[in-house]
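The values are calculated or read from the model by the stated rules, or taken from the named source; none is laboratory data. Keep in mind it's a predicted model, so treat the numbers as computed, not measured. Every residue, glycine as well, gets a Cβ built from its backbone with ideal geometry; the counts of neighbours run over all protein chains shown. Please note that ligands, DNA and RNA were not included when accessible areas were found on the heavy atoms of the full protein model with its side chains. Shrake-Rupley method; radii C 1.70, N 1.55, O 1.52, S 1.80 Å.
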Amino acid sequence: MKKIAFLVSAVYFIYFLGILSLSILCNAPFCRIQEDEPLGIILVTLLPLLLVFLLSLITYKMREEMFRAWWNIARWFVPIIIVITYLINSSHQQSGFGGVAQGAFEFLILFLLYVIFIIVSFARIILAYRRSKRGI
């Protein structure tokens with residue numbers, strides 16, 4: 001499972017870097033990635049996989065217990081963030097919620113979800129590491 005999580009998130013990381021470098025280096029109109037285009041939708045919706053890549057990179061060389069402690073949280077939390085991100089993006093494409101206040105509220109929701117995911121992930125990894133050091 002460790003390798004699969006790492007490989008899937010690494011593929012997205014490479015995709016992210018490719019799209020980012022394409023949009024920076026290419027000035028032609030066809031190089032611009034918009035949120036309402038397929039490549040932009042994939043880019044924005046799967047953004048949590050960047051955190052999965054970082055955290056799986058951290059836990060890759062660690063014992064299996066530490067990866068499992070983190071993975072038990074990530075396997076349900078990341079899909080929730082992806083679905084909420086997709087719903088927010090699709091609501092904007094279909095004349096959605098609109099308005100500056102609504103956009104700020106949506107940003108706050110996603111920001112809080114990411115912060116909670118990061119804090120809980122690091123807490124789980126650290127607690128599992130401490131348990132393994134004590135031999136419990």
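Protein heavy-atom surface of the chain, 1.4 angstrom probe: 72% of the accessible area is carbon and sulfur, with nucleic acids and ligands not counted. The helix-only estimate of mean residue ellipticity at 222 nm for the chain, built from DSSP H runs of length n ≥ 4 each weighted as -39500 (n - 2.57), is -28000 deg cm²/dmol after division by the residue total. The chain: D in µm²/s via Stokes-Einstein (Kirkwood Rh, Cα pairs, 10 °C, 1.306 mPa s)? D, rounded to a whole number, is 96 µm²/s.
Compared with the alpha-carbon gap, the fully stretched path from L7 to L20 is longer by 2.7 nm at 0.36 nm per residue.
When the trypsin sites (Lys or Arg not before Pro) in region 1-75 are filtered for DSSP coil states and for at most 16 other beta-carbon atoms within 10 Å of their beta-carbon, the remaining sites are R32, K61, R63. Residue by residue, region 118-127 carries 3J(HN,Hα) couplings of 5, 5, 5, 4, 5, 4, 5, 5, 5, 5 Hz when phi is fed to the Karplus relation 6.51 cos²θ - 1.76 cosθ + 1.60 (θ = phi - 60°); x denotes Gly or Pro. Our coupling estimate for region 54-63, obtained by passing each phi through the Karplus curve with A = 6.51, B = -1.76, C = 1.60 and θ = phi - 60°, is 4, 6, 6, 5, 5, 8, 4, 8, 7, 4 Hz, Gly and Pro reported as x. Size descriptors for region 1-51: radius of gyration and Dmax over Cα atoms are 12.3, 41 Å.
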